[in-house]
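See structure below.
The values are calculated or read from the model by the stated rules, or taken from the named source; none is laboratory data. Keep in mind it's a predicted model, so treat the numbers as computed, not measured. Every residue, glycine among them, receives a Cβ derived from its backbone with ideal geometry; neighbour counts consider all protein chains shown. We work out accessible area using only protein heavy atoms, side chains counted, and drop any ligands, DNA or RNA first. Shrake-Rupley method; radii C 1.70, N 1.55, O 1.52, S 1.80 Å.
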Amino acid sequence: MKLYNLKDHNEQVSFAQAVKQGLGSQQGLFFPLELPEFELTDIDAMLEMDFVTRSSKILSAFIGDEIAAHQLAERVKAAFAFPAPVAKVSDDVACLELFHGPTLAFKDFGGRFMAQMLSYVSGADEKITILTATSGDTGAAVAHAFYGMENVRVVILYPQGKISPLQEKLFCTLGGNIETIAIDGDFDACQALVKQAFDDEDLKKAIGLNSANSINISRLLAQICYYFEAVAQLPQEKRNQLVVSVPSGNFGDLTAGLLAKSLGLPIKRFIAATNANDTVPRFLANGEWTPHATVATLSNAMDVSQPNNWPRVEELFRRKTWRLGDLAYGAVSDETTKATMRELAAIGYLSEPHAAIAYRLLRDQLQEGEYGLFLGTAHPAKFKESVEAILEQTLPLPEALAERADLPLLSHDMQADFAPLRAFLMK
C-alpha cells in the first residue's frame, strides 16, 4: 500500500511507514494512493460474511501484500473482539452501537487495530512513544489498547475539566506505560502541542514519536469496517435507501464512512452532525473556512473547531469527483440535544449527547422511503452525570466503568506550553 502526504504529494510511504510515522512533513496527513473499489457482486458476498472475515478483506484491499492475509486476519480477530450491533429505534431509524468494546466507545475499534498494526510493523527493539490528544474517548481507547505493551510508552494530553469524570477515570488510573497530562486549555490547545512535538525532528528521533489520533491511517481504515457491519445487519430492502448520520468532532468517523462508500458500500448520503462547534456546517453553507474559538458543550468529544480529518474528506471528494454540496450537515445546540435525549428516552431508547445530535439531524432530514442509521459512539454511562440530570433517572454503571470509578487519578497538570511538555517527553 502506498500513501501520499496531502501537503506534499511527492512524499510517499508504505502502510508500515505511515503507521509508524503518523504524520508526514508539514504535519500533512497520509492518504491512499489507490482507492480500491469492489464490484456489486463482491459487496453482496461480503455482506454475507462474518465481521472479522469481511473486515480482513476490506483492510487487505487497502494494505495489499504488505501483510499476509492470514496474519492480517489474526490481527483483526484480536482487535475486533466485540460486536457492533444495529439497534432498532423506530420503524425507519436504527442506531449502530459502537460502544460494546472495553472502553465503551467507537474508538476501541481504531485504537485496538492500531495497536495490533504497530506491534506488527515495529522491530522487537524499537522503542516507541505514542503521543496523542483526546477530547474524551480516544484517550481511553488508546490507553487500553496499548496498556502493558513492551517498548511502548503512551502519553495522553486532555483538556483539564473538559471531559466527563468517568471518561477521565477510564484512562487516567492505569499507570504503568500509560502517562496522562491534564492541559490548562481546550482540545485544540492539546492538539496544537501534539503537532509541535511532531515538528521537532530531534524529539521525534530521540523518543520514536508516533500518534494514535485519528490522523493515524490504521485507525481510520479500521473504522471503515463497521459501516459494512451495519449494512450487513439491515434487511435487503433497507440497504438501497440508507442515510447515515455521523456525530462529528475530528471527522475521522465521517471520513471512514465516505471511504466505505468509495469502496462500493450502498449509502445514499451522509449527514455531518456537529454541536455548536460548527466550522464544517458553516463551510458547507457558505464556502468559507472560518473556525471560531472552541466552545464547551454537552457533547464534549465533539468540541473541536479545527477538525484534523477534514482535508481527507475534501481529497476524497476531489478524487472521486463527488460534489461536496451533496454532503448533508447540521449543528445542534445543547438545549436541542437535551430535548432530543428526552424524545429518544420517551420512545424507549437511552442515548447520550453525541448520538442524540446525530439522531436529531437524521430525524429532521430523513425523507419518505429512506432508512436512517445514526452512530452511537459512546455508552450513555460514560456521561453519567449529564445523562442522569437530563433524563432524571439513574444509570447503572457497566463493569468497565465501575471497576475504575473509585481509583485515584494519576495525571500530571501542565500549562498549554510546549517547553515543559518537551522536557516531560525527554525524561
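Annotations for the structure displayed:
- Applying the condition of being in a helix (DSSP H, G or I) and of a type in the set (Val, Ile, Thr) to the range 294-336 and asking which residue is least open to solvent (accessible area, probe 1.4 Å) yields VAL313.
- Of the residues making up the range 376-427, those that are over 21 Å from ALA145 (Cα atoms), more than 26 Å from the chain's Cα centre (by Cα) and among the aliphatic types (A, V, I, L, M) are ALA389, LEU391, ALA419, ALA423, MET426.
- Hey, LEU375 under 21 Å from TYR158 (Cβ atoms) and either surrounded by 13 or more Cβ atoms within 10 Å (Cβ to Cβ) or of a type in the set (Phe, Trp, Tyr) (or both) or not: no
- The range 16-35 - residue that is more than 19 Å from the chain's Cα centre (by Cα), surrounded by fewer than 20 Cβ atoms within 10 Å (Cβ to Cβ) and at negative phi and, of those, modelled with the lowest pLDDT: SER25
- Failed item, numbered, when MET302 is tested on (1) at pLDDT below 95; (2) in contact with an Asp or Glu (Cβ under 6 Å, 6 or more places away or on another chain); (3) closer than 21 Å to LEU96 by Cβ: (2)
- The residues of the range 245-271 that are without any contact (Cβ under 8 Å) to a residue 40 or more places away in the chain and more than 16 Å from the chain's Cα centre (by Cα) amount to a single one, LYS261.
- Pair list, Cβ under 7 Å, 6 or more apart: the range 342-367 residue of a type in the set (Val, Ile, Thr), other residue open to solvent by less than 30 Å² (accessible area, probe 1.4 Å) and in a helix (DSSP H, G or I): ILE357/THR337
- Candidates in the range 90-105 are the residues that are out of contact with any helix residue (DSSP H, G or I) (no Cβ under 7 Å at 6 or more places or on another chain) and not small (Gly, Ala, Ser); of these, the one that is surrounded by the most Cβ atoms within 10 Å (Cβ to Cβ) is PHE99.
- Residues that are in a helix (DSSP H, G or I), farther than 24 Å from LYS2 by Cβ and open to solvent by 40 Å² or more (accessible area, probe 1.4 Å) within the range 41-61 comprise THR41, ASP44, ALA45, THR53, listed in sequence order.
- Hey, PHE38 of a type in the set (Phe, Trp, Tyr), crowded, with 20+ Cβ neighbours inside 10 Å and touching a helix residue (DSSP H, G or I) at 6+ places or on another chain (Cβ under 7 Å) or not: no
- Selection within the range 62-81 - in a loop (DSSP other than H, G, I, E, B) and buried (at least 16 other Cβ atoms within 10 Å of the Cβ): ILE67, PHE80
- Exclusive hit being more than 25 Å from VAL295 (Cα to Cα) and either free of Cβ contacts under 8 Å to residues at least 40 places away in the same chain or crowded, with 19+ Cβ neighbours inside 10 Å (or both), set ILE183, ILE178, ILE156, ILE163: ILE178
Results for (1) touching a Ser or Thr at 6+ places or on another chain (Cβ under 9 Å); (2) farther than 30 Å from GLN241 by Cβ, shown as yes or no for each residue.
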position: VAL13; (1), (2): no, yes
position: VAL19; (1), (2): yes, yes
position: LEU35; (1), (2): yes, no
position: PHE38; (1), (2): no, no
position: GLY64; (1), (2): no, yes
position: LEU72; (1), (2): yes, yes
position: SER90; (1), (2): no, no
position: HIS100; (1), (2): no, no
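- Strands (runs of 3 or more DSSP E) completely within the range 119-233 that count 3 or more residues being under 20 Å from the mean Cα position of the chain (by Cα): 128-133, 152-159
Residue by residue, here is whether (1) under 21 Å from VAL231 (Cα atoms); (2) hydroxyl-bearing (Ser, Thr, Tyr) holds:
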site	(1), (2)
ALA345	no, no
LEU362	yes, no
GLN365	yes, no
GLU368	yes, no
TYR371	yes, yes
LEU375	yes, no
LEU391	no, no
PRO396	no, no
